[in-house]
Amino acid sequence: MTPRHARLARLALLPALALAAGFPLIAGGSLPAAAQEGGAAGEKPAAEAPAAEKKGVVYHFGVTEQRTNILFESETTVETIHGITHSVKGKGTFDFDAGTGEADLVVPVNSLKTGMEARDGHMYGEDWLDAAKYPEIVLKAKSLKRVKVLDEKAMKETWAYEGTLTIKGKSNDVKGEALVQRIPEELGKKLGRGQWLKVKAEFSITIKDYGIEVPAASAAKVSDVWDIKIDLFATTAEPAAK
């Protein structure tokens, strides 16, 4: 074969080689590993974007007993039990621009009072709340969402909450609506340090759902359904260390 003929033969092979190189794609095959990863072998994949930071203002609950009130009530035909605690720990994050947030509240069982020391002792006992084994009641509002502005000038709003309530080691889902009101700055100065917020909510629980059985001897005096009322103030100022 003359040099000229050899050169023509090589040129004639080029289309075939190009077709062969592209055949895996045409036939449903796959690219080499390096090509699949979008770069040459040894090239590092792009780093994942960092998770977005949670936005909002953090408020601390339970800073003052005077403005910390959680009430509970059991009512039967023959007796009504009223209880209260002024002891709460926890905080909530509220993003008022987005209308979202979350909150955690912790109540010491031994802080619950019904006005009768003997009855409180029974309530803390193993058959009821078992404070020795389960010293805290925990409410976690994993989702807070503003649903309605009641009074824009007074900064009074309705927020929906969803979360879990844990009593005596058992957790159940809870949801409902709460009144959330920001306290004007000048008025808040009279309450103490920081910016202030008020939260009010009401809901009912069935104590059997938390492993608490009302004894037959107490059935006439203690209801299986308890009503809970939350009336709390919170501030952006962190509580003083105790």
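The values are calculated or read from the model by the stated rules, or taken from the named source; none is laboratory data. These numbers come from a predicted model, not from an experiment. Quick reminder, even Gly has a Cβ in these numbers, built from the backbone with ideal geometry, and neighbours come from all protein chains shown.
If THR206 passes every condition in (1) without any contact (Cβ under 8 Å) to a residue 24 or more places away in the chain; (2) more than 29 Å from ARG146 (Cα to Cα) but one, which one does it miss?
(2)
Residues LEU129, LEU179, LEU150, LEU144: which one is touching a Lys or Arg at 6+ places or on another chain (Cβ under 8 Å) and in contact (Cβ under 8 Å) with a residue 40 or more places away in the chain?
LEU129
Filter segment 116-175 down to residues that are among the acidic types (Asp, Glu), over 19 Å from LEU71 (Cβ atoms) and touching a Ser or Thr at 6+ places or on another chain (Cβ under 7 Å), then give me how many there are.
Number of matching residues: 2.
Just one of the numbered conditions (1) part of a loop (DSSP other than H, G, I, E, B); (2) out of contact with any His (no Cβ under 7 Å at 6 or more places or on another chain) is not true of GLY121; which one?
The failed condition is (1).
Would you be able to say whether some residue in segment 105-117 is free of Cβ contacts under 8 Å to residues at least 12 places away in the same chain and over 19 Å from THR206 (Cβ atoms)?
There is at least one residue in segment 105-117 that is free of Cβ contacts under 8 Å to residues at least 12 places away in the same chain and over 19 Å from THR206 (Cβ atoms).
Would you pick out the residues in segment 136-191 that are in contact with a helix residue (DSSP H, G or I) (Cβ under 9 Å, 6 or more places away or on another chain), loosely packed, with under 15 Cβ neighbours inside 10 Å and not in a strand (DSSP E or B)?
Result: GLY169, single match.
Which members of segment 197-242 meet the condition of being of a type in the set (Ser, Thr, Tyr) and either surrounded by 13 or more Cβ atoms within 10 Å (Cβ to Cβ) or under 21 Å from the mean Cα position of the chain (by Cα) (or both)?
SER204, TYR210, SER218, SER223, THR235, THR236 - these are the residues of segment 197-242 that are of a type in the set (Ser, Thr, Tyr) and either surrounded by 13 or more Cβ atoms within 10 Å (Cβ to Cβ) or under 21 Å from the mean Cα position of the chain (by Cα) (or both).
Yes/no matrix, rows are residues, columns are (1) surrounded by 14 or more Cβ atoms within 10 Å (Cβ to Cβ); (2) under 21 Å from the mean Cα position of the chain (by Cα); (3) at pLDDT below 95:
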site	(1), (2), (3)
ALA18	no, no, yes
ILE26	no, no, yes
ALA35	no, no, yes
ARG67	yes, no, no
HIS82	no, no, no
ASP97	no, yes, no
